[in-house]
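Worksheet: one structure, shown below.
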Amino acid sequence: MKIAWASSAFAAAFVSGDCTQLEWLDACARSALCDGVAFDRAHFPRTDADYLAQIKKAAVDLCVTPVATLDDGFFLASRGEKEESLRIALVVGAPLLIARAPELGTCSYPELAAVLGEATGLAKAANVTIALRNAPDTHASSDADCKRLAKEADSAWLRFAPEPLRLDAGSSLGNLAGKSVVLLHDIAEDAEKARSLIEREAPGYHGFVILDAQSGACGLGEIGTVTASSVFRAR
(Lines give C-alpha, C1' and ligand atoms only; values in the text may rest on other atoms or scores of the structure.)
Protein backbone atom coordinates (compact mmCIF):
# COMPACT_ATOMS: atom_id res chain seq x y z
CA MET A 1 0.00 0.00 0.00
CA LYS A 2 1.05 3.57 -0.64
CA ILE A 3 0.99 6.31 2.01
CA ALA A 4 -0.41 9.82 1.78
CA TRP A 5 -0.76 12.41 4.52
CA ALA A 6 -3.86 14.57 4.97
CA SER A 7 -3.18 18.21 5.77
CA SER A 8 -6.04 18.03 8.29
CA ALA A 9 -3.65 16.12 10.57
CA PHE A 10 -1.61 19.34 10.80
CA ALA A 11 -4.49 21.75 11.33
CA ALA A 12 -3.07 23.27 14.51
CA ALA A 13 0.26 23.99 12.82
CA PHE A 14 -1.48 25.81 9.98
CA VAL A 15 -3.58 27.87 12.40
CA SER A 16 -0.59 28.83 14.55
CA GLY A 17 1.53 29.73 11.53
CA ASP A 18 4.11 27.04 12.31
CA CYS A 19 3.93 25.86 8.71
CA THR A 20 2.55 26.92 5.37
CA GLN A 21 0.90 24.67 2.83
CA LEU A 22 4.03 24.69 0.68
CA GLU A 23 6.27 23.84 3.67
CA TRP A 24 3.96 20.94 4.53
CA LEU A 25 4.06 19.73 0.94
CA ASP A 26 7.86 19.89 0.94
CA ALA A 27 8.06 17.97 4.24
CA CYS A 28 5.83 15.23 2.81
CA ALA A 29 7.97 14.99 -0.31
CA ARG A 30 11.20 14.66 1.71
CA SER A 31 9.92 11.67 3.67
CA ALA A 32 10.73 8.23 2.29
CA LEU A 33 7.53 7.04 3.98
CA CYS A 34 5.19 9.37 2.10
CA ASP A 35 4.05 8.91 -1.50
CA GLY A 36 1.20 11.37 -1.74
CA VAL A 37 -0.82 14.15 -0.14
CA ALA A 38 -4.48 14.98 0.53
CA PHE A 39 -5.24 18.70 0.70
CA ASP A 40 -7.90 19.86 3.16
CA ARG A 41 -9.80 22.73 1.57
CA ALA A 42 -9.46 24.71 4.81
CA HIS A 43 -5.69 24.94 4.36
CA PHE A 44 -5.55 26.76 1.04
CA PRO A 45 -4.53 30.34 1.85
CA ARG A 46 -5.72 31.30 -1.62
CA THR A 47 -7.74 29.51 -4.27
CA ASP A 48 -7.05 31.69 -7.30
CA ALA A 49 -5.83 29.96 -10.44
CA ASP A 50 -2.23 31.18 -10.07
CA TYR A 51 -1.82 29.82 -6.56
CA LEU A 52 -3.45 26.47 -7.34
CA ALA A 53 -1.19 26.13 -10.38
CA GLN A 54 1.79 26.79 -8.09
CA ILE A 55 0.67 23.99 -5.77
CA LYS A 56 0.25 21.57 -8.66
CA LYS A 57 3.66 22.47 -10.10
CA ALA A 58 5.29 22.09 -6.67
CA ALA A 59 3.80 18.61 -6.34
CA VAL A 60 5.16 17.68 -9.78
CA ASP A 61 8.63 19.05 -9.02
CA LEU A 62 8.71 17.32 -5.62
CA CYS A 63 7.49 14.01 -7.10
CA VAL A 64 4.60 13.72 -4.64
CA THR A 65 1.15 12.61 -5.80
CA PRO A 66 -1.95 14.75 -5.15
CA VAL A 67 -4.30 11.96 -4.08
CA ALA A 68 -7.36 13.92 -3.00
CA THR A 69 -8.82 17.06 -1.55
CA LEU A 70 -10.94 16.90 1.60
CA ASP A 71 -14.10 18.91 2.25
CA ASP A 72 -16.26 17.63 5.09
CA GLY A 73 -18.93 20.26 4.45
CA PHE A 74 -19.22 19.45 0.77
CA PHE A 75 -22.61 17.73 0.64
CA LEU A 76 -24.55 20.46 2.45
CA ALA A 77 -22.69 23.36 0.82
CA SER A 78 -24.36 25.58 -1.76
CA ARG A 79 -24.12 24.61 -5.41
CA GLY A 80 -21.54 27.35 -5.93
CA GLU A 81 -19.41 26.09 -3.04
CA LYS A 82 -19.59 22.54 -4.38
CA GLU A 83 -18.42 23.75 -7.77
CA GLU A 84 -15.57 25.66 -6.12
CA SER A 85 -14.40 22.59 -4.16
CA LEU A 86 -14.43 20.48 -7.30
CA ARG A 87 -12.57 23.19 -9.21
CA ILE A 88 -9.83 23.24 -6.56
CA ALA A 89 -9.42 19.47 -6.79
CA LEU A 90 -9.28 19.57 -10.57
CA VAL A 91 -6.74 22.40 -10.78
CA VAL A 92 -4.31 20.91 -8.23
CA GLY A 93 -4.51 17.56 -10.01
CA ALA A 94 -6.37 15.55 -7.36
CA PRO A 95 -8.72 12.95 -8.90
CA LEU A 96 -10.78 12.58 -5.71
CA LEU A 97 -12.77 14.82 -3.40
CA ILE A 98 -13.26 13.11 -0.04
CA ALA A 99 -16.33 14.14 1.96
CA ARG A 100 -18.20 12.89 5.01
CA ALA A 101 -21.95 12.41 4.83
CA PRO A 102 -24.01 14.92 6.83
CA GLU A 103 -24.53 14.24 10.52
CA LEU A 104 -27.78 12.59 11.55
CA GLY A 105 -30.43 15.20 12.20
CA THR A 106 -28.95 17.85 9.92
CA CYS A 107 -31.07 16.79 6.97
CA SER A 108 -33.76 14.26 6.14
CA TYR A 109 -33.05 11.29 3.92
CA PRO A 110 -35.09 12.70 0.99
CA GLU A 111 -33.11 15.94 1.30
CA LEU A 112 -29.88 13.97 1.31
CA ALA A 113 -30.96 12.06 -1.80
CA ALA A 114 -31.49 15.36 -3.62
CA VAL A 115 -28.08 16.57 -2.43
CA LEU A 116 -26.42 13.42 -3.75
CA GLY A 117 -27.98 13.92 -7.15
CA GLU A 118 -26.68 17.47 -7.40
CA ALA A 119 -23.24 16.54 -6.07
CA THR A 120 -22.66 13.64 -8.44
CA GLY A 121 -23.90 15.65 -11.40
CA LEU A 122 -21.38 18.39 -10.63
CA ALA A 123 -18.64 15.80 -10.03
CA LYS A 124 -19.25 14.27 -13.45
CA ALA A 125 -19.09 17.68 -15.10
CA ALA A 126 -15.79 18.44 -13.31
CA ASN A 127 -14.32 14.96 -13.88
CA VAL A 128 -13.54 14.61 -10.15
CA THR A 129 -14.83 11.56 -8.26
CA ILE A 130 -16.47 12.04 -4.86
CA ALA A 131 -15.19 9.55 -2.26
CA LEU A 132 -17.62 9.05 0.63
CA ARG A 133 -15.92 8.82 4.03
CA ASN A 134 -17.68 6.99 6.83
CA ALA A 135 -17.96 8.53 10.29
CA PRO A 136 -19.98 7.77 13.45
CA ASP A 137 -23.32 9.55 13.86
CA THR A 138 -23.57 10.45 10.20
CA HIS A 139 -25.69 9.10 7.36
CA ALA A 140 -22.67 6.92 6.47
CA SER A 141 -21.62 5.21 9.69
CA SER A 142 -21.88 1.62 8.44
CA ASP A 143 -21.23 -0.38 5.31
CA ALA A 144 -24.99 -0.64 4.78
CA ASP A 145 -25.35 3.16 5.01
CA CYS A 146 -22.61 3.69 2.44
CA LYS A 147 -24.10 1.18 0.04
CA ARG A 148 -27.55 2.71 0.46
CA LEU A 149 -26.25 6.16 -0.43
CA ALA A 150 -24.36 4.78 -3.43
CA LYS A 151 -27.54 3.07 -4.63
CA GLU A 152 -29.49 6.29 -4.11
CA ALA A 153 -26.95 8.29 -6.10
CA ASP A 154 -26.69 5.63 -8.83
CA SER A 155 -23.58 7.31 -10.19
CA ALA A 156 -20.06 6.19 -11.08
CA TRP A 157 -18.90 9.52 -9.64
CA LEU A 158 -19.63 8.47 -6.07
CA ARG A 159 -17.23 5.93 -4.59
CA PHE A 160 -16.03 5.04 -1.07
CA ALA A 161 -13.15 6.23 1.12
CA PRO A 162 -13.52 3.91 4.12
CA GLU A 163 -11.84 4.42 7.45
CA PRO A 164 -11.92 0.73 8.45
CA LEU A 165 -11.65 1.05 12.23
CA ARG A 166 -14.47 3.62 12.38
CA LEU A 167 -17.12 1.59 10.60
CA ASP A 168 -19.99 0.59 12.87
CA ALA A 169 -19.79 -2.73 14.67
CA GLY A 170 -21.02 -5.47 12.37
CA SER A 171 -19.85 -3.67 9.24
CA SER A 172 -17.40 -5.28 6.85
CA LEU A 173 -14.78 -3.44 4.82
CA GLY A 174 -15.13 -6.26 2.31
CA ASN A 175 -18.66 -5.09 1.48
CA LEU A 176 -17.24 -1.77 0.31
CA ALA A 177 -13.98 -2.96 -1.22
CA GLY A 178 -15.24 -3.17 -4.79
CA LYS A 179 -15.95 0.56 -4.90
CA SER A 180 -13.30 1.81 -2.48
CA VAL A 181 -10.87 4.17 -4.20
CA VAL A 182 -8.82 5.14 -1.16
CA LEU A 183 -8.61 4.18 2.53
CA LEU A 184 -8.11 6.40 5.58
CA HIS A 185 -6.52 5.80 8.96
CA ASP A 186 -6.31 8.02 12.04
CA ILE A 187 -2.85 7.71 13.56
CA ALA A 188 -4.39 7.58 17.04
CA GLU A 189 -5.89 4.21 16.12
CA ASP A 190 -4.15 0.82 16.01
CA ALA A 191 -2.33 0.66 12.67
CA GLU A 192 -1.50 -3.04 12.97
CA LYS A 193 -5.19 -3.82 13.56
CA ALA A 194 -6.21 -1.71 10.58
CA ARG A 195 -3.64 -3.29 8.29
CA SER A 196 -4.68 -6.78 9.36
CA LEU A 197 -8.33 -5.94 8.70
CA ILE A 198 -7.51 -4.56 5.25
CA GLU A 199 -5.46 -7.62 4.31
CA ARG A 200 -8.24 -9.92 5.51
CA GLU A 201 -11.30 -8.12 4.10
CA ALA A 202 -9.84 -6.28 1.10
CA PRO A 203 -6.86 -8.44 0.09
CA GLY A 204 -6.64 -7.00 -3.40
CA TYR A 205 -6.26 -3.42 -2.24
CA HIS A 206 -2.91 -1.85 -3.16
CA GLY A 207 -3.87 1.82 -3.35
CA PHE A 208 -3.31 4.75 -1.02
CA VAL A 209 -3.90 4.82 2.71
CA ILE A 210 -4.33 8.43 3.79
CA LEU A 211 -3.03 9.09 7.28
CA ASP A 212 -5.04 11.63 9.25
CA ALA A 213 -5.38 12.78 12.86
CA GLN A 214 -8.69 13.92 14.27
CA SER A 215 -6.75 15.93 16.82
CA GLY A 216 -5.11 17.98 14.07
CA ALA A 217 -2.05 18.22 16.30
CA CYS A 218 0.67 16.59 14.19
CA GLY A 219 3.98 18.32 13.58
CA LEU A 220 6.00 18.15 10.37
CA GLY A 221 8.63 16.05 12.08
CA GLU A 222 6.14 13.21 12.49
CA ILE A 223 5.72 12.66 8.75
CA GLY A 224 8.73 10.37 8.51
CA THR A 225 8.54 8.85 11.97
CA VAL A 226 4.93 7.86 12.72
CA THR A 227 4.74 4.08 13.12
CA ALA A 228 1.62 3.80 10.97
CA SER A 229 3.62 4.90 7.92
CA SER A 230 5.88 1.86 8.20
CA VAL A 231 3.05 -0.50 9.11
CA PHE A 232 1.05 0.17 5.96
CA ARG A 233 4.11 0.23 3.73
CA ALA A 234 5.29 -3.16 4.97
CA ARG A 235 4.60 -6.11 2.68
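W24 meets all of the listed conditions (1) hydrophobic (A, V, I, L, M, F, W, C); (2) more than 18 Å from R100 (Cα to Cα); (3) within 17 Å of the chain's Cα centre (by Cα); (4) surrounded by fewer than 22 Cβ atoms within 10 Å (Cβ to Cβ) but one, namely (4).
Within the stretch 6-17, not a single residue is part of a loop (DSSP other than H, G, I, E, B), among the hydroxyl-bearing types (S, T, Y) and either under 22 Å from R100 (Cα atoms) or touching a Cys at 6+ places or on another chain (Cβ under 6 Å) (or both).
Screening G207 against (1) at pLDDT 95 or above; (2) in contact with a strand residue (DSSP E or B) (Cβ under 9 Å, 6 or more places away or on another chain) leaves a single unmet condition, (1). Restricting attention to the stretch 207-222, does a residue exist that is more than 23 Å from E23 (Cα to Cα) and either surrounded by fewer than 21 Cβ atoms within 10 Å (Cβ to Cβ) or touching a Pro at 6+ places or on another chain (Cβ under 7 Å) (or both)? The answer is yes, given that some residue of the stretch 207-222 is more than 23 Å from E23 (Cα to Cα) and either surrounded by fewer than 21 Cβ atoms within 10 Å (Cβ to Cβ) or touching a Pro at 6+ places or on another chain (Cβ under 7 Å) (or both). Just name the residue that is nearest to D143 (Cα to Cα) out of those in the stretch 175-184 that are at pLDDT 95 or above and surrounded by fewer than 23 Cβ atoms within 10 Å (Cβ to Cβ). Checked the stretch 175-184; the qualifying residue nearest to D143 (Cα to Cα) is N175.
Here are some residues: A99, A123. Which one is in a helix (DSSP H, G or I), within 28 Å of G36 (Cα to Cα) and in contact with a Ser or Thr (Cβ under 9 Å, 6 or more places away or on another chain)? Before the answer, list the steps.
Working: A99 fails: in a helix (DSSP H, G or I).
Unique residue meeting the criteria: A123.
Here R41 meets each of (1) modelled with pLDDT under 95; (2) charged (D, E, K, R); (3) touching a Gly at 6+ places or on another chain (Cβ under 9 Å) with one exception, condition (1). Considering L149, L165, L132, the condition of being touching a strand residue (DSSP E or B) at 6+ places or on another chain (Cβ under 9 Å) and part of a strand (DSSP E or B) is satisfied by L132 alone. Restricting the stretch 37-71 to residues that are buried (at least 19 other Cβ atoms within 10 Å of the Cβ) and assigned to a helix (DSSP H, G or I), which is nearest to the chain's Cα centre (by Cα)? It comes out as R41.
Do we have F74 as free of Cβ contacts under 8 Å to residues at least 60 places away in the same chain and either assigned to a strand (DSSP E or B) or not acidic (D, E) (or both) here?
Values: free of Cβ contacts under 8 Å to residues at least 60 places away in the same chain: yes; either assigned to a strand (DSSP E or B) or not acidic (D, E) (or both): yes.
So F74 passes the test.
Could you list all residues from the stretch 135-146 that are in a helix (DSSP H, G or I) and aliphatic (A, V, I, L, M)? Passing the criteria: only A144. Filtered by the rule that a residue be more than 23 Å from G207 (Cβ to Cβ) and either of a type in the set (D, E) or at pLDDT 95 or above (or both), the stretch 118-137 gives E118, G121, L122, A125, D137.
The values are calculated or read from the model by the stated rules, or taken from the named source; none is laboratory data. Since this is a predicted model, take the numbers as computed values, not measurements. Note that we place each Cβ from the backbone using ideal geometry, even for glycine, and neighbour counts take in every protein chain shown.
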